[in-house]
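Novice: Following this message is one structure expressed as structure tokens.
The values are calculated or read from the model by the stated rules, or taken from the named source; none is laboratory data. Given the structure is predicted, the values throughout are model-derived calculations rather than measurements. No Cβ is skipped: glycine too gets one built from the backbone with ideal geometry, and neighbour counts run over all protein chains shown. For accessibility, only protein heavy atoms count, side chains too; no ligands or nucleic acids. Shrake-Rupley method; radii C 1.70, N 1.55, O 1.52, S 1.80 Å.
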Amino acid sequence: MSNLKDLFNPRGIAVIGASRDPTKIGHIILKNIVEYGYRRGIYPVNPSVSDVMGLKTYPAVSTISDKVDVVIVSIPNTKVPEAIDDAGKAGVKHAVVIASGFKEIGNVDLENEVVRRARRHGMRVLGPNIFGYVYTPVRLNATFGPRDVIPGNVAFITQSGALGIALMGSTILEGIGISAIVSVGNKSDIDDADLLEFFDEDPNTSVVLIYMEGVSDGRRFVNVASKISMKKPVIVIKSGRTEAGARAAASHTGSLAGNVALYESAFKQSGVISTKSVEEAFDFVKTLSWNPLPPGDRVVVITNGGGAGVQASDTLADDGIYLEKPPQDFVEEVRKILPPFASLANPVDLTGMAPEDWYYRSVKSALQNSGIDAVLVLYCHTALTSPVGVARAVAGAVDEVGVRKPISVAIIGGLEAYEAIKHLTNLKIPAYPTPERAAHALAAQLKYRKYREYLIKKEQIAS
Amino acid sequence: MREAREIVEKAKLEGRRKLLEHESMRLCELYGLPVAKYGLATSEKEAVAIAREIGFPVVLKVVSPDISHKTDVGGVVLGINSVGEVSDAYKTIVANVAARAPGSRISGILVQKMVERDIEVIVGGIRDRVFGPVVMFGLGGVFVEVLKDVSFRIAPLTELDVEEMIREIKGYKILEGYRGSQPRDIEALKNLILKLASIISDIEEIEAIDLNPVILYPRGIGALIIDARTILGE
């Protein structure tokens, strides 16, 4: 039922409420569309001026003779229904309603009217009360958020506006590549499930991140999320985790079935990775979008300090991953480079004296060994080595072997450590400032692997 | 499932939001769920006949649309071992209810097999506004009351989902057998949860259903529902 192809690949896009005033949302969105490099038709709609930013304006969408698939609606709320009618008559397929002042302030009727009119013309509605959307494969940034979104493979759906815009900026800072950003706002029509159906099929997306306050049709979400999760990981930040789930206590089950418990169960059942914080979600996005899927769950930890190793092992254990003895041939190889007192159990302790070359050789050997499924590298900044040097050594090993199995790196220290993390991030090697975060992000991949197998098994049984 | 529908329609017609205990039990039976043997008596003679048929010991409980806490009004007599005791208990319950809950309608007296106690679990279902039919599982008593050690799944369920939800609770080790206690009949439990999911999925009027307690016996012996409570939506 949901065909959002034209939303993400429009033949032409009109901005209703395009303004010359640089402080107006209608101006900023048009500017982003133009400057981010959208190459197809861009049509400002504004009856009171002849041109905006050097583009000819139109008094109404129906006066544009070229094909327009999407209208961005940035005008006062009461004028929206009329604009929808005009766009609908002109054959527009999707209305992206930026305007606010609908259900979020109690104007339910006005919102329903917008959807009703859109439906009459077979048009879908994104929003209202949103900051717009991005689809990098066609260089489309129709938001009033930051312009220079990094193209990549992560789709981000957000129900929160302000936090969503802010996180758009965070993706740039964190070096996270984006395929799409979709502000869903009031979800009057298009919702998470519709978008997941699209991203499931979208070859440009390999991970989906959702900031969710709630869904209206939980069963449909479970169905659609179960399907996409077999192919691509879906990470959710669910807001309102502490809300008490009180409901009429006529039944025991009812008194226990709080909102939070049900969402968590739904996520688990559909293989969705639930996170507690933005930081955790972004950490997971990095491993899940930059690393390949691990073939198994045998993790080897390589460290230059016992403390960092213990912190990482404990974190992994909390996530249900228990370290086993590394394969013998790997141990033999590493033994050649290490001093006799180095511990060759798991974590492999290269000792505090480990130079960059030891990192290079041990990481390379771990990446090459078929008895190891994922590699966690920990480095504590010592006086003997430079963090950037170690980062280069790790990146060199990855480069030489190729990206064949998951890797996660912790560079622990001060400003130089931060530089080293940035270096790895630029190379799309997940790197973090603490052993716990690096371990937990790697564990997310192993968890997803289990979820995925579970979903596939369920489907096999069903068919 | 014509009979199941009839039970629900009857309650609706009578303006009841709760099924009577024997109706809930019957609903479970119709869906193939294992319930402790029971019968509804509307006379002392009938109570004796039912007790004879299902075998001693039995329990007698008042069934009334007006009474929700049966023990508070002296509406329950446990550990009945003879025909004479059945007659006595029947009279006692009727007298107690008349004294402590005057004017309450009595639909009958439930005569139920008093079964051997063992590990108790709770299996429930609710119809959620967002997720629709949802099922719950947990260990009974303190585990559910205090620790809230329960798991949920959205229906429809696969057998794999049910396995996961059983294993998910913290007290799962108790079901696996510990300190020499025997492992429990997980297969029977799985079956029970799946069938409860069908009830809540099939019958749209049901807002909540509690099977509490369900006695879960050692592997191969099965499970028995002791008490079932069904709430219909407004």
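Novice: Evaluate the charge dipole of the range A:264-415 about its Cα centre and quote only its size in Debye, nearest 20, assuming +1 on the Cβ of each Lys and Arg and -1 on the Cβ of each Asp and Glu.
Specialist: Value, rounded to 20: 260 debye.
Novice: Counting residues in chain B as N, plug N into 2.2 N^0.38 Å and put the Cα Rg over that result.
Specialist: Values: Rg = 18.1 Å, N = 234, 2.2 N^0.38 = 17.5 Å.
Output field value: 1.04.
Novice: Accessible area per residue, 1.4 Å probe, Å², for the range A:5-286: what's the number? Let's see the in-between values first.
Specialist: Numbers: 10310 Å² over 282 residues.
Ligands and nucleic acids excluded, the result is 37 Å² per residue.
Novice: Something else about it: May I ask you to find the residues of the range A:191-223 that are shielded by at least 10 Å² of accessible area once the whole protein assembly is considered instead of their isolated chain (probe 1.4 Å)?
Specialist: Checking the loss per residue gives A:VAL215, A:SER216, A:GLY218, A:ARG219, A:VAL222.
Novice: Next question. At most 16 other Cβ atoms within 10 Å and a DSSP loop assignment: could you name the GluC sites (Glu not before Pro) in the range B:1-69 that fit?
Specialist: Values: sites: B:GLU3, B:GLU6, B:GLU9, B:GLU14, B:GLU21, B:GLU23, B:GLU29, B:GLU44, B:GLU46, B:GLU53; in loops: B:GLU14.
Qualifying residues, ordered by number: B:GLU14.
Novice: Rolling a 1.4 angstrom probe over the protein heavy atoms, how many square angstrom per residue are accessible across chain B?
Specialist: Solvent-accessible surface per residue comes out at 46 Å².
Novice: Could you give the distance between the Cα centres of the range A:20-96 and the range A:159-233, to the whole Å?
Specialist: 25 Å
Novice: How big is the charge dipole of the protein assembly as shown about its Cα centre, in debye rounded to the nearest 20, if each Lys and Arg gets +1 on its Cβ and each Asp and Glu gets -1 on its Cβ?
Specialist: Dipole about the Cα centre, nearest 20: 920 debye.
Novice: Check cross-link reach from A:LYS364 to the aspartates and glutamates: straight Cα distance under 15 Å, and skip same-chain residues fewer than eight apart.
Specialist: Answer for A:LYS364, where 15 Å is the Cα cut-off: A:ASP329, A:GLU332, A:GLU333, A:GLU356, A:ASP373, A:ASP399, A:GLU400, listed by chain and number.
Novice: Below 8 Å between Cα atoms, with a sequence gap of 6+, how large is the relative contact order for the range B:119-232 in percent?
Specialist: Working: 230 pairs, mean separation 34.2, N = 114.
Across the range B:119-232, relative contact order equals 30 percent.
Novice: Then there's this: Compute the angle between helix B:2-13 and the longest alpha-carbon principal axis of chain B, please, reported from 0 to 90 degrees and rounded to the nearest 10.
Specialist: The answer is roughly 60 degrees.
Novice: Hey, another quick one. Name the residue farthest towards the positive end of the dipole of chain A from the options A:LEU293, A:PRO406, A:GLY106, assuming +1 on Cβ of Lys and Arg, -1 on Cβ of Asp and Glu, about the Cα centre.
Specialist: Result: A:GLY106, furthest along the dipole toward the positive end.
Novice: Further, regarding this structure: Please go through the residue pairs B:LYS37/B:LYS195; A:LYS231/A:LYS325; A:LYS268/A:LYS325 and name each one whose alpha carbons sit more than 24 Å apart in this structure.
Specialist: A:LYS231/A:LYS325; A:LYS268/A:LYS325
Novice: Name the residue farthest towards the positive end of the dipole of the range B:2-113 from the options B:VAL86, B:ALA101, B:ALA47, assuming +1 on Cβ of Lys and Arg, -1 on Cβ of Asp and Glu, about the Cα centre.
Specialist: B:ALA101
Novice: Once you wrap a convex hull around the alpha carbon atoms of the range A:176-308, what is its projected area averaged over all directions, in nm²?
Specialist: Dividing the Cα hull surface by four gives the mean projection, 11.3 nm².
Novice: Follow-up question, since we're still on this one. Which positions within the range A:259-274 get 10 Å² or more of their accessible surface covered by the other protein chains, compared to the chain by itself, with a 1.4 angstrom probe?
Specialist: Listed in order, they are A:ALA261, A:LEU262, A:TYR263, A:SER265, A:ALA266, A:LYS268, A:GLN269.
Novice: Of the listed pairs B:LYS148/B:LYS173; A:LYS238/B:LYS173; A:LYS422/A:LYS447, which have alpha-carbon separations greater than 20 Å here?
Specialist: From B:LYS148/B:LYS173; A:LYS238/B:LYS173; A:LYS422/A:LYS447, over 20 Å: A:LYS238/B:LYS173; A:LYS422/A:LYS447.
Novice: State the percentage of accessible surface on the protein assembly as shown attributable to carbon and sulfur atoms; use a 1.4 Å probe and exclude ligands, DNA and RNA.
Specialist: Values: 14830 of 28930 Å².
That share works out to 51 percent.
Novice: With respect to the cross-link table entries A:LYS187/A:LYS232; A:LYS187/B:LYS12; A:LYS5/A:LYS405, which display a Cα-Cα separation exceeding 27 Å? Could the numbers behind the result be given before it?
Specialist: Working: A:LYS187/A:LYS232 23 Å; A:LYS187/B:LYS12 36 Å; A:LYS5/A:LYS405 33 Å.
A:LYS187/B:LYS12; A:LYS5/A:LYS405, as the Cα separations exceed 27 Å there.
Novice: Taking 40 Å² as the minimum loss, tell me which residues in the range B:101-127 lose that much accessible area going from the chain by itself to the full protein complex (1.4 Å probe).
Specialist: Residues passing the criterion (a loss of at least 40 Å², heavy atoms only) are B:ILE126.
Novice: Putting +1 on Lys and Arg Cβ atoms and -1 on Asp and Glu Cβ atoms, find which of B:PRO218, A:PRO340, A:ALA257 reaches farthest to the positive end of the dipole of the protein assembly as shown.
Specialist: Of B:PRO218, A:PRO340, A:ALA257, it is A:ALA257.
Novice: If you don't mind, another one. Show me you know the interface measure: the accessible area buried between B and A, both chains summed, probe 1.4 Å, in Å² to the nearest 100. Before the final figure, lay out the partial values.
Specialist: On the way: alone 11800 and 19490 Å², together 28930 Å².
When B and A are taken together, about 2400 Å² of accessible area is lost.
Novice: Further question on the same structure: Once Rh for the range A:1-80 is found with the Kirkwood sum over Cα pairs, what is the Stokes-Einstein diffusion coefficient at 10 °C and 1.306 mPa s, in µm²/s? All intermediate terms of the calculation are to be shown ahead of the outcome.
Specialist: Working: Rh = 12.9 Å.
It diffuses with D of about 124 µm²/s by this estimate.
Novice: Helix A:415-426: angle to the longest alpha-carbon principal axis of chain A, degrees 0 to 90, nearest 10?
Specialist: Relative to chain A, helix A:415-426 is tipped by roughly 60 degrees.
Novice: Do the sum for chain A: with -39,500 (n - 2.57) for every DSSP H run of n ≥ 4, divided by all residues, what is the mean residue ellipticity at 222 nm, to the nearest 500 deg cm²/dmol?
Specialist: -13000 deg cm²/dmol
Novice: In degrees between 0 and 90, to the nearest 10, how far off the longest principal axis of chain A does helix A:162-173 point, with axes built from Cα atoms?
Specialist: With rounding to tens, the tilt is 50 degrees.
Novice: Please find, in a Gaussian network model of chain B (springs between Cα atoms separated by less than 10 Å), the residue of B:SER87, B:SER181, B:SER198 whose mean-square fluctuation is greatest.
Specialist: B:SER181
Novice: Something else about it: DSSP loop chymotrypsin sites (Phe, Trp or Tyr not before Pro) in the range B:124-194 with at most 14 other Cβ atoms within 10 Å of their Cβ, which ones?
Specialist: Passing sites in the range B:124-194 are B:TYR178.
Novice: Semi-axes, largest first, in whole Å: what does sqrt of 5 times each Cα gyration tensor eigenvalue give for the protein assembly as shown? Walk me through the numbers on the way to the answer.
Specialist: Working: eigenvalues 609, 322, 60 Å².
Over the Cα atoms of the protein assembly as shown, the semi-axes work out to 55, 40, 17 Å.
Novice: Skip the ligands, DNA and RNA, and give the accessible area per residue of the range A:294-449 with a 1.4 Å probe, whole Å². Can you show the working numbers first?
Specialist: On the way: 6390 Å² over 156 residues.
Computed with neighbouring chains in place, this is 41 Å² per residue.
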